[in-house]
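The values are calculated or read from the model by the stated rules, or taken from the named source; none is laboratory data. As the structure is a computational prediction, the values presented were derived from the model and not from experiment. Glycine also receives a Cβ, built like all others from the backbone with ideal geometry; neighbour counts cover every protein chain displayed.
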Amino acid sequence: MRITPILTTLLVATPALAEVNIYSQRQPELIAPITEAFSAETGIETNVVYLDQGLTERLSAEGSRSPADIIMTVDIARLSQAVEAGVTQPVESAVLHDNIPSEFRDPGNQWFGVTTRARIVYASKERVADGEVTTYEDLVDPKWKGRICTRSGTHPYNLALVSAVIKHDGYEAAKEWALGLKANLARKPQGNDRAQVKAIWAGECDISLGNTYYMGEMLEDPEQTEWANSVRIVFPTFRDGGTHMNVSGVAMTSAAPHREDALKFMEFLASPEAQAIYAEANHEFPVKPDAPRSELVASWGEFTPDPVNLTELAALRGDALRLMEEIDFDG
């Protein structure tokens, strides 16, 4: 895998070469295991440009001359944004359809989930008993007043969760839920998901919202291991559903100069081998139902994913943002 410095080198589209050019919003070290395995199996080289921000804008600016074949990103909102901007194309593949459940792929075949993550509760081992919180609705119980921490309510991860609340209960009920959650906060929303676990460790709050994979990341960081060991993972559910899920996903660009090889890469991502490699590298759940979880992820236990199609949640993102701004959740 070649990693191209974004400011110094421009990829040039060369259809004759056996290669796949990838624009990724995931850090290179997180996708390196999968790109290296793909190249070893197929002989097709991968070139990765890391774009923390502005992926869709860059593709739009490059237009039909874009050298990118594939985009890899996280969160349903970012995948949907790319589709809405017209920078992706539909892909017909029996392999992708057979291996990826319908709730984790676009109905129009524009994007496909690769791995999933759950939006869960991190609970203090010392101050929260087993079974004290089991649903997202539990988070608005007055007993949690001054005991909850979270990042910004307008962060994409929380907006996706609020979109799910709207989907299940309607806008007004979701607004009441968000107001109840805000009333129970121990401090103003701040930091990332790991910062909330640190706050639990420090005694500032007792539970927090976070994505599952951060547990794996904290356990790998000597400075954060103590934070991780102070909490346990709880998989809350909606009363009429399951645990809220989100995806890391892949899409083929509308300009893809190496379409055939790009399709091979997408289908490789859905294979049992790649699912195991990618999910373990990122501490996420394989999207393929029968693919094995890593030992760490499996240790978190079983849960029931919410069956709502993520495209439906992406369509509610604007409503979720409006709701959180109306109640000044971060204020």
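What residue, of THR46, THR42, is in the same structural domain as VAL250 (by TED's automatic domain parsing), under 23 Å from LEU269 (Cβ atoms), buried (at least 18 other Cβ atoms within 10 Å of the Cβ) and not hydrophobic (A, V, I, L, M, F, W, C)? Explain how you work it out, then say what you get.
Working: THR42 fails: buried (at least 18 other Cβ atoms within 10 Å of the Cβ).
Being in the same structural domain as VAL250 (by TED's automatic domain parsing), under 23 Å from LEU269 (Cβ atoms), buried (at least 18 other Cβ atoms within 10 Å of the Cβ) and not hydrophobic (A, V, I, L, M, F, W, C) holds for just one of THR46, THR42, which is THR46.
Would you please name the residue that is surrounded by the most Cβ atoms within 10 Å (Cβ to Cβ), looking only at residues in the stretch 59-78 that are at pLDDT 95 or above and either in a helix (DSSP H, G or I) or on the phi > 0 side of the Ramachandran plot (or both)?
LEU59
In the stretch 219-235, what count of residues is obtained for those that are touching a Phe, Trp or Tyr at 6+ places or on another chain (Cβ under 6 Å) and surrounded by fewer than 23 Cβ atoms within 10 Å (Cβ to Cβ)? Talk me through it step by step, then tell me what you get.
Residues of the stretch 219-235 touching a Phe, Trp or Tyr at 6+ places or on another chain (Cβ under 6 Å): 227, 230-231, 233, 235.
So of that shortlist, the ones also surrounded by fewer than 23 Cβ atoms within 10 Å (Cβ to Cβ) come out as 230, 233, 235.
Within the stretch 219-235, residues that are touching a Phe, Trp or Tyr at 6+ places or on another chain (Cβ under 6 Å) and surrounded by fewer than 23 Cβ atoms within 10 Å (Cβ to Cβ) number 3.
Taking LEU263 and the conditions (1) closer than 20 Å to GLN27 by Cβ; (2) crowded, with 19+ Cβ neighbours inside 10 Å, which numbered condition does it fall short on, given that it satisfies the others?
All conditions are met except number (1).
Restricting the stretch 1-26 to residues that are at pLDDT 85 or above and part of a loop (DSSP other than H, G, I, E, B), which is surrounded by the fewest Cβ atoms within 10 Å (Cβ to Cβ)?
ALA18
Please work out if GLY241 is touching a residue at least 24 places away in the same chain (Cβ under 8 Å), surrounded by fewer than 23 Cβ atoms within 10 Å (Cβ to Cβ) and within 16 Å of the chain's Cα centre (by Cα). Quick ask: steps written out before the conclusion?
Details: touching a residue at least 24 places away in the same chain (Cβ under 8 Å): yes; surrounded by fewer than 23 Cβ atoms within 10 Å (Cβ to Cβ): yes; within 16 Å of the chain's Cα centre (by Cα): no.
No.
Filter the stretch 92-140 for residues that are without any contact (Cβ under 8 Å) to a residue 24 or more places away in the chain and not assigned by TED's automatic domain parsing to the domain that holds ARG78; which is farthest from PRO307 (Cα to Cα)?
ALA129
Can you tell me which of VAL197, VAL128, VAL121, VAL133 is aliphatic (A, V, I, L, M), farther than 30 Å from MET266 by Cα and touching a Phe, Trp or Tyr at 6+ places or on another chain (Cβ under 6 Å)?
VAL197
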